[in-house]
Amino acid sequence: MLKINNLHVSLEDEDKEILKGVDLTVDAGTVHAIMGPNGSGKSTLSYVLSGKEGYNVTDGSVELNGDNIMDLEPEERAALGLFLAFQYPIEIPGVGNMTFLRTALNAQRKARGEDEISATDFLRLVREKAATLKIDSDMLKRPVNVGFSGGEKKRNEILQMAMLEPKICILDETDSGLDVDAMKLVANGVNALRNEGRGFLVITHYQRLLDHIKPDVVHIMADGKIIKSGGPELALEVENNGYSDLLDEAS
Amino acid sequence: MEAGDTLQVKDGVDQETIDAVKEVSTYKYGWDTDIEMEYAPKGVNEDIVKLISEKNSEPEWMTSWRLEALERWKKMTEPKWAMVDYPEIDFQDQYYYARPKSMVEKPKSLDEVDPKLLATYEKLGIPLKEQMILAGVEGAADKPDGERKVAVDAVFDSVSVGTTFKSELKKAGVIFCSISEAIKEHPDLVKKYLGSVVPVSDNFYATLNSAVFSDGSFVYIPPGVKCPMELSTYFRINAENTGQFERTLIIADKGSYVSYLEGCTAPKRDTAQLHAAVVEIVVEEDAEVKYSTVQNWFPGDENGNGGIYNFVTKRADCRGDRAKVMWTQVETGSAVTWKYPSCILRGDESQGEFYSIAIANNHQQADTGTKMLHLGKNTKSRIVSKGISAGVAQNTYRGQVNMHPRAKNSRNYTQCDSLLIGDKCGAHTVPYIEVKNNSSRVEHEATTSKVDDDQLFYCRQRGMGEEEAVALVVNGFCKDVLQALPMEFAMEAQQLVAISLEGSVG
């Protein structure tokens, strides 16, 4: 499904290479986790995959279901089914959460040549999905992420994900800033979306999120490369011993 | 109750906006209509003023009122304090009077109406029924559709071409007609109020308007009457090198209410065109007037050629106690905008509100704001201004709040927000505050922000195109003002916001 091949990326403003040959394949129906110390390039990977400006792809390729997506605009990638749950969701004052969702959903449907969703269908859908994430009607009406607590922001990301039904979901440190209860809620939301047609790339610092979202494969990223891949036990190893052993091993 | 019951309205961008953004790549109303016009010679002088007066079959008192204004105007100089920069205007190189030839005699049926005039209305989105009425087809106005309850008065270049729903309004006692008609039919009202809010000597452009105004709208709401429908005037400048000088006079008698909408468009021209309007509103005791404008005159092209120079004097006088006036404006067009709709809060406990969205893109320059003059006790005013600058445009908010010594316990709240798109445009805020008593309170809040890349990326990651994302963010920024508009206008305004910001990113 998502195939990252020898991806090299440097910053546009300064001549600094951040990703130094990332290889990674996420198959449909699987959950991959990426762990790694600060500054290893995890967040950069999520931004580059989703098309944020400010990065130069100097080598390598990324395919989503066979389409090379690196030359596409962010919205084109979104329409192909790529979704990024932001580490720091952005506030948009004055724009109702629901308006935002409907505009996004219809934009994607239109890009795919589908009809717009009717107002009633949309309402039904959004209420149903919101209820499972304990998002109340007030939060749906408030401006996007404005005045939301950390937990509300992250739940809102998952709501967007549930509404847009992407094919590949990238979660960038979705657990950061969450207490245990909020994390469970978010994890349940993610688990509810797991199915055989959908792949997940979960970026996290800590093993604890992976207690709730069980990964199929765990990758350790350091200095712009994946230095080790393995099963869920790899995450536990990091939890117990930190990254230093793995880093030594790699060098 | 449940969330989302307000989903289809107001709250953000609707689908039409999005379609409009995608489909319309340039100024939508930029076509011109090839209609045989009757012009007066270029320039302004006594003969022209007399001619305009004569063409409108005006009584002598009106002619001399105009001539007096002309005399004053000759001694005045153009004000230069606004933050706008434009080439010297040659006031003698303008046509001050133009009207469609087919209007010389009123047509009897649609067949007699110049088809091009009808085509113009169609392009403006005015339904056929109203096209007939506007074109002056006899009898058409007596059979209104009954669904769309907005009475329209259309002003094409210098002349009012027709007013709809007249008879229905008449039943309620409301007078809604062109000002030229009012001068003939209701001379007492006109004599009493014309120039009483914006005096002939007020300012350079208002004085010029007083001398040469060709038409405009007149509204009188009798005591205690709530106007049964919204009133609307549609202004269009069509002829080349023509100045449009319309004059609007609205009188809300004691305890009455009216909501008035004004829309404006003009064709694309390489040369700049002049527009200097005057709007006077008289609000008596316990009366309330809402005046909404969507100004979409041609803004000039991307390189700053052409466009309308828009010098407008709008003022409301709250004469009676508890009188209320609310100005709402969406200023997206014009190459140069010079406009300060004001409120004189004379009556005790009278209230003035000003809600404004001013967008300046490409080479547009806007210097706009309001004046709140608190004269009565316990008067209140509220100013909400949203300025958006893009391209290389300059956008200035200029506002004055004045508390007279007699205006005890009065309040003003001003919120003034600027949004910048790109890094070559400018936003300026120039508030003048004068408080001459110690029981009044004035609050002023101002912010300046940028549409940031993170917001746009967030929207685009969710699937929106770049321009759609900008429109969404900007409409969010303008929300407080969009909500103050009547529903029909709010939709149009949202679309305009999107269209006028096209090409401002990327």
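Please treat every number below as a calculation from the coordinates, not as lab data. Just so you know, these numbers come straight off a predicted model, no measurement behind them. Don't worry about glycine lacking a Cβ; one is built from the backbone with ideal geometry, like all the others, and counts go over all protein chains shown.
For chain A, what is the relative contact order in percent, using Cα pairs closer than 8 Å and at least 6 residues apart in sequence?
Normalised by residue count, the contact order of chain A is 29 percent.
Computed from backbone phi, the HN-Hα couplings of the range B:281-294 come to 10, 10, 10, 8, 3, 6, 8, 9, 10, 10, 10, 10, 10, 10 Hz, rounded to whole numbers (Karplus: 6.51 cos²θ - 1.76 cosθ + 1.60, θ = phi - 60°; Gly and Pro given as x).
Projecting the Cα atoms of A:Q160, A:S149, A:S61 onto the dipole axis of the range A:28-183, where Lys and Arg carry +1 and Asp and Glu carry -1 at the beta carbon, places A:S149 farthest toward the positive end. Other residues whose C-beta falls under 14 angstrom from the C-beta of A:E17 contribute a net charge of -3, scoring Lys and Arg +1 and Asp and Glu -1. Which of the pairs B:K254/B:K479; B:K166/B:K339; B:K254/B:K290; B:K80/B:K191; B:K290/B:K408 have their Cα atoms more than 27 Å apart in this structure? As for pairs spanning more than 27 Å Cα to Cα, those are B:K254/B:K479; B:K166/B:K339; B:K80/B:K191. Structural descriptor for the range A:102-239: relative contact order 18 percent, calculated from alpha carbon pairs under 8 angstrom and at least 6 residues apart. Taking amide H as placed 1.01 Å from N in the peptide plane, the amide H of A:L84 sits under 5 Å from that of A:I170, each at least 5 places away or on another chain. Extents of chain A, taken as max minus min of Cα coordinates on every principal axis and listed largest first, are 57, 39, 35 Å.
Suppose R0 equals 35 Å; then what is the FRET efficiency for B:S167 and B:N409 from their Cβ-Cβ distance, rounded to the nearest 0.05?
Computed FRET efficiency for B:S167 and B:N409: 0.15.
With both labels modelled 7 Å from their Cα along Cα-to-Cβ, the A:A192 to B:D453 distance reads 3.6 nm. In chain A the longest region clear of trypsin sites (Lys or Arg not before Pro) that are loop-assigned by DSSP and have at most 16 other C-beta atoms within 10 Å covers A:17-111.
Kindly state, as a whole number, the per residue volume in cubic angstrom of the convex hull around the alpha carbon atoms of the range B:262-393.
Each residue corresponds to 71 Å³ of Cα convex hull volume.
Taking GluC sites (Glu not before Pro) as candidate sites, keep only those in a DSSP loop with at most 13 other Cβ atoms within 10 Å, then name the longest stretch of chain A containing none of them. That gives A:115-195 as the longest site-free run. Starting from the Cα gyration tensor of the range A:94-198, take the square roots of the eigenvalues, sort them a ≥ b ≥ c, and report rounded, prolate or oblate (rounded when a/c is under 1.5, otherwise prolate if a/b is larger than b/c, else oblate). Oblate shape, in that a/c is at least 1.5 and b/c is the bigger or equal ratio.
In this structure, the amide hydrogen of A:M221, modeled 1.01 Å from its nitrogen in the peptide plane, lies closer than 5 angstrom to those of A:M35, A:G36, A:I227, counting only residues at least 5 positions away or on a different chain. Taking amide H as placed 1.01 Å from N in the peptide plane, the amide H of B:V401 sits under 5 Å from that of B:M372, B:Y432, B:I433, B:E434, each at least 5 places away or on another chain.
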